[in-house]
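The values are calculated or read from the model by the stated rules, or taken from the named source; none is laboratory data. Since we're looking at a predicted model, the values are computed, not measured. Quick reminder, even Gly has a Cβ in these numbers, built from the backbone with ideal geometry, and neighbours come from all protein chains shown. Only protein heavy atoms, including side chains, enter the accessible area calculation; ligands, DNA and RNA are left aside. Shrake-Rupley method; radii C 1.70, N 1.55, O 1.52, S 1.80 Å.
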Amino acid sequence: MIFADLPIEACAGAILAHSLRNGDLSFKKGRVLSAADIEALKQSGRRTVTVARLEPDDIGEDAAAAALGVLLAADGLRVEAPFTGRVNIYARARGILRVDAAQVDAINEVDEAVTLATLADYATVEPDQMAATVKIIPFAVKRAQLDACLAIARQKPLLSFHPFQPRKVALIQT
């Protein structure tokens with residue numbers, strides 16, 4: 001990924017590196033600049049802007065987070081759509097979350113661009129409670145780093161969920 005302060009004319013298709021406000025104009029960080037955005041920036045008097053450009057071996061933050069999130073899916077867990085490089089994973093019911101901490105650590109050690117956070121192993125979770133989250137810190141991650149994380153996640157299930165089951169009990173007293 002290349003970060004640079006570029007002339008407005010060279011920024012179409014680039015990712016805005018910082019939120020930008022200029023009068024009525026307001027663009028959030030991470031916005032992919034369109035031709036209309038470039039024109040609006042020119043009209044506001046802006047001559048340069050700091051952007052990120054992905055290189056051929058970069059995977060965008062949402063695509064990378066989604067790829068890892070899919071591998072973390074388990075029965076009883078719901079994987080949400082990616083946004084701003086994040087994929088959240090929620091419990092569908094009340095139950096116990098099992099986490100392979102060694103695999104979580106291994107993924108987090110691949111590269112600081114990829115983070116995986118989970119609740120503790122054997123945590124009790126409620127319906128719609130977040131159990132784990134994947135975050136791609138920059139706007140993209142290198143293909144090699146993502147592939148290394150995916151390989152770790154494919155080794156064996158990293159997360160499992162065990163919903164509480166109602167049981168019939170009886171007390172016999174004599």
For this session: Evaluate the following for GLU126: is it in contact (Cβ under 8 Å) with a residue 40 or more places away in the chain and acidic (Asp, Glu)?
Result: no
For this session: Quick one: in the stretch 18-41, of everything that is in a loop (DSSP other than H, G, I, E, B) and small (Gly, Ala, Ser), which residue is nearest to PRO7 (Cα to Cα)?
Result: SER34
Problem set entry | Filtered residue count, the stretch 63-84, keeping only those that are out of contact with any helix residue (DSSP H, G or I) (no Cβ under 6 Å at 6 or more places or on another chain), open to solvent by 40 Å² or more (accessible area, probe 1.4 Å) and either farther than 30 Å from PRO7 by Cα or without any contact (Cβ under 8 Å) to a residue 40 or more places away in the chain (or both) | 8
For this session: Among what's in the stretch 85-97 and is under 14 Å from THR133 (Cβ atoms) and out of contact with any helix residue (DSSP H, G or I) (no Cβ under 7 Å at 6 or more places or on another chain), pick the residue that is most open to solvent (accessible area, probe 1.4 Å).
Result: TYR90
